[in-house]
Amino acid sequence: MVLSGTQLDGVALVVGSGRGIGQQTAFTLAEAGARVVVFADKDIDPAKESAEESKLYATHPEYQATHFTVNVIDEQGVQEMVDFVVNKFGRIDYAVNGAGIDSGIHKPMADTDIESYDRIQQINSRGMMLCCRAEAAAMRKQSSRSFTTRIGTRDIGRGAIVNIASANSFVGLLGKASYTISKHACLAITKMTGLDHSPEGIRCNAVCPAWVRTPMLDAEFAKNPEVRAQIEAMSPLKRPAECDEVADTVVYLLSPSASFINASHVVIDAALTATVRMH
Ligand SMILES: NC(=O)c1ccc[n+]([C@@H]2O[C@H](COP(=O)([O-])OP(=O)(O)OC[C@H]3O[C@@H](n4cnc5c(N)ncnc54)[C@H](O)[C@@H]3O)[C@@H](O)[C@H]2O)c1
């Protein structure tokens, strides 16, 4: 059975869609019926190739895909990205903010490298804030849409945003202060965007995944099989998440089915953050 409320038809912008979770989310948006998907990333070639690949999965008869180069640390660049989508396609119905980094370094707070700390905050939290700010500013200028169900017609607002946060938005990981702090900030950015813009019919939510099997994680598994064994031992479902499991939740939160969910989050971690480990 397909829920009609998860069928999309509007214009999507996915930031950080050259690879990984962002890329798969953009593909799922195309599959779910989006009329346009804009693949934004700091790396032009992967964004361009992903936009091309999305045409294989798209279901909207007039589907269009394009790419845009953006570095989310650049305030003007983020504004230009949003202006590009609005000028070319008229509006932004769905925005996903998935550009993010992790330094890979494990060090206790006392040994935190400030340059690395600043860079992580600049991309993961300030960059996300810049994206939400520009997207909400564009969405509030566009008309509201409605959705008809078997019991009537409801207002689904002017647009929806989903931020890719993390299980680290709730819990710490030894030696990962910079990343954990940045991901806690993602939740605050999500709450404040959703709260401040609720009167204008703009929703903003977050997904909080743990251990997603991206090509990067697969490469890590190949280099160091112990990492896979550790994840399998610690994950309550004994495996990492697949990228499209995260993508499905993002697309649900953007869809008319989620029209009353705002300033909230979905944890996608197989109960990892609900677990107290005894051994
Ligand atoms: N993979 C996981 O296990 C996992 C778990 C929890 C949360 N997350 C979060 O999900 C998001 C995506 O992670 P991923 O694993 O798919 O990462 P990834 O590295 O595979 O993909 C990230 C994408 O963002 C782009 N990007 C990075 N910095 C950018 C910048 N400054 N401006 C524009 N684009 C930029 C990259 O080019 C890349 O295409 C991140 O925010 C990450 O913290 C990932």
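The values are calculated or read from the model by the stated rules, or taken from the named source; none is laboratory data. Everything quoted here is computed from the prediction, not taken from an experiment. Backbone-built Cβ (ideal geometry, glycine too); neighbour counts: all protein chains shown. Note: accessible area is taken over every heavy atom of the protein model, side chains too, but ligands, DNA and RNA are not part of it. Shrake-Rupley method; radii C 1.70, N 1.55, O 1.52, S 1.80 Å.
Could you tell me whether residue 70 is within 11 Å of the ligand (Cβ to nearest atom) and either over 24 Å from residue 143 (Cβ atoms) or open to solvent by less than 70 Å² (accessible area, probe 1.4 Å) (or both)?
The answer is yes for residue 70.
List every residue pair whose Cβ atoms sit under 8 Å apart, with the two residues 6 or more apart in sequence or on different chains, where the first one lies in region 151-179 and is within 14 Å of the ligand (Cβ to nearest atom) and of a type in the set (S, T, N, Q) and the second, anywhere, is open to solvent by 30 Å² or more (accessible area, probe 1.4 Å) and assigned to a strand (DSSP E or B).
If the second residue must be open to solvent by 30 Å² or more (accessible area, probe 1.4 Å) and assigned to a strand (DSSP E or B), the pairs left are 169/265.
For the condition hydroxyl-bearing (Ser, Thr, Tyr) and farther than 18 Å from residue 22 by Cβ, what is the one hit in 153, 190?
153 is the lone residue from the list that is hydroxyl-bearing (Ser, Thr, Tyr) and farther than 18 Å from residue 22 by Cβ.
Going through region 24-52 one residue at a time, which ones are touching a helix residue (DSSP H, G or I) at 6+ places or on another chain (Cβ under 7 Å), free of Cβ contacts under 8 Å to residues at least 60 places away in the same chain and within 16 Å of the ligand (Cβ to nearest atom)? Working first, answer last.
Of the residues in region 24-52, the ones touching a helix residue (DSSP H, G or I) at 6+ places or on another chain (Cβ under 7 Å) are 24-30, 32, 36-41, 50.
Restricting the remaining residues to those that are free of Cβ contacts under 8 Å to residues at least 60 places away in the same chain gives 30, 36-41, 50.
Correct list: 37, 38, 39, 40, 41, 50.
Taking region 216-247 as the region of interest, how many residues are of a type outside the set (A, V, I, L, M, F, W, C), within 15 Å of the ligand (Cβ to nearest atom) and open to solvent by 90 Å² or more (accessible area, probe 1.4 Å)?
Residues meeting the conditions: 3.
Tally time: how many residues in region 174-193 are touching a helix residue (DSSP H, G or I) at 6+ places or on another chain (Cβ under 8 Å), more than 17 Å from residue 96 (Cβ to Cβ) and assigned to a helix (DSSP H, G or I)?
8
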